[in-house]
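Right, one structure below, let's go through it.
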2 protein chains.
Amino acid sequence: MSPDQARRRPPTAQQFVLAELRRAITSGRLRPGAPIRQDALAEELQVSRVPLREALKMLQGEGLVAYEAHRGYFVETLSLDDLREVYRIRELLEEEAVRRAVARLTDADLDRLESAQEEVERAAAAGDVPAMAAANRLFHMTLFDRAGMPRLARLIRTLWDATDAYRSMYYGDPGNRERVVKEHRATLDALRRRSADEAVTTLDLHRAHAVADLAPLLDPAP
Amino acid sequence: MSPDQARRRPPTAQQFVLAELRRAITSGRLRPGAPIRQDALAEELQVSRVPLREALKMLQGEGLVAYEAHRGYFVETLSLDDLREVYRIRELLEEEAVRRAVARLTDADLDRLESAQEEVERAAAAGDVPAMAAANRLFHMTLFDRAGMPRLARLIRTLWDATDAYRSMYYGDPGNRERVVKEHRATLDALRRRSADEAVTTLDLHRAHAVADLAPLLDPAP
DNA sequence: ATTTTCAATATTGGATCCAAAATACGGAGG
DNA sequence: CCTCCGTATTTTGGATCCAATATTGAAAAT
């Protein structure tokens, strides 16, 4: 019997490019609305335009970049309405994910959530915004992955990433960081008690606060 | 003032390829699980592999094809669990879409739904499976588009298309076609009465029947 | 001053070519 | 007969080159 069934494949340039682009966009280094110049980016990443374009096509499908034929790719901009819509859809999907996850949560899962949360707290205290964003994402996705619905988890992940460029602004404020920490604690407590209802409620509040705080940062109708 | 604000752009090969590929997969001409040979397909479509690969990357994002590095693209296969998951997610999203749509439905919208339904009935009676699939899709999407949530509508559309290869089998049976027609009628009646609850219920039933009938056609755990 | 035209430039779209990896094949050995 | 191993072939991944389109800028006309 072969030692690893799913054989390790050599990394491809497009995977590297995809990861780099994602970081550049979600971190805000590429600003919303900015055109993406393929030649410049390709040179910066030391690859040709082919894998870059393939990565862009993926990001287009995920809604991170917009595409116009013969004009190229642009970092997607979200209107306030768009933001509200994304969060509303997440509300629908995450409720399902949380309910399923709670029914299957093991103590080991709770330990993983606890350590993710500790990392969130560490990053929040240190004011390390990128680390906080990463840890926060890990916390939520660890939970959602436990639902045993991979497509649902992937959809939530995609919606999550679609607002990452704005999330970074949100974490810039220490007060917001503190509140995120507190709300995670409330969710984690509910999960420990296996209370799906409470977990859903705390997460809904969590999201509502985020929308309320992000709203003023966005143009009313671009 | 210019006559058309959004200027018509020349069509790109990748758009053509994307549409062709979608048809080939959803119609079942490319069977689930089949490898997609880029050279052969490119030659058949009279384009180079570059636009083909970009189209494949989009379809990968939509879940119509699976990708393995250095092995290429394959038409996505759905297990029974996958199918159930897709339909469950649709249930969540479509409920929201229907409720919002009902609140905004105009008489003109109802007329459009009526004519879409008439086309479904014509195709069903004639046993024209592709026409029925197209008309059926139009009926549902016309409704969902009225929700005024473009991202939600796009998600539903994507989930819908992900099972199209199997839907064609389903429509092969005259009895199934008849039932679809009846269930659409029930939904349309509910919409005319502006009863969101009933519309949601009839659509839930509609979906449940489809899953029940498709289940035997799928491998239990591929 | 404003608008229009038209050439020059920049940028994207697509085709071809080469490199790298996986698969298929065939022979040697058990 | 089956397994293992090495080579040939096929297929994908990526780079480069050329064509098509959009953008920019300056000159000319109103």
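Give me a count of the residues in segment B:48-69 that are away from DNA strand D (no atom under 13 Å from the Cβ) and farther than 17 Å from residue A:67 by Cα.
Of the residues in that region, 2 qualify.
Which one of these does residue A:43 not meet: (1) within 13 Å of DNA strand C (Cβ to nearest atom); (2) within 28 Å of residue A:207 (Cβ to Cβ); (3) not aliphatic (A, V, I, L, M)?
(2)
Checking residue B:11 against (1) assigned to a helix (DSSP H, G or I); (2) over 23 Å from residue B:153 (Cα atoms); (3) facing chain A (nearest Cβ under 10 Å); (4) open to solvent by 40 Å² or more (accessible area, probe 1.4 Å), which single condition isn't satisfied?
Just one mismatch for residue B:11, condition (1).
Identify the single condition in (1) modelled with pLDDT of 95 or more; (2) surrounded by 12 or more Cβ atoms within 10 Å (Cβ to Cβ); (3) away from DNA strand D (no atom under 12 Å from the Cβ); (4) more than 8 Å from chain B (Cβ to nearest Cβ) that residue A:40 does not satisfy, given that it satisfies every other one.
Exception for residue A:40: condition (2).
Which number in (1) within 13 Å of DNA strand D (Cβ to nearest atom); (2) of a type outside the set (Lys, Arg); (3) in contact (Cβ under 8 Å) with a residue 24 or more places away in the chain marks the one condition that residue A:87 misses?
(1)
Give me the pairs, please: first residue somewhere in segment B:102-119 and without any contact (Cβ under 8 Å) to a residue 60 or more places away in the chain, second residue anywhere and part of a helix (DSSP H, G or I), beta-carbon distance under 7 Å, and either six or more positions apart or on two chains.
Between residues of segment B:102-119 that are without any contact (Cβ under 8 Å) to a residue 60 or more places away in the chain and residues that are part of a helix (DSSP H, G or I), the close pairs are B:112/B:142; B:116/B:135; B:116/B:138; B:116/B:139; B:116/B:142; B:119/B:135.
Just checking, how many residues over segment A:129-173 are open to solvent by 50 Å² or more (accessible area, probe 1.4 Å) and either under 22 Å from residue A:83 (Cβ atoms) or at pLDDT below 95 (or both)?
Qualifying residue count for the region: 7.
The values are calculated or read from the model by the stated rules, or taken from the named source; none is laboratory data. The structure presented is a predicted model; accordingly, all values stated were derived computationally and were not measured. No Cβ is skipped: glycine too gets one built from the backbone with ideal geometry, and neighbour counts run over all protein chains shown. Please note that ligands, DNA and RNA were not included when accessible areas were found on the heavy atoms of the full protein model with its side chains. Shrake-Rupley method; radii C 1.70, N 1.55, O 1.52, S 1.80 Å.
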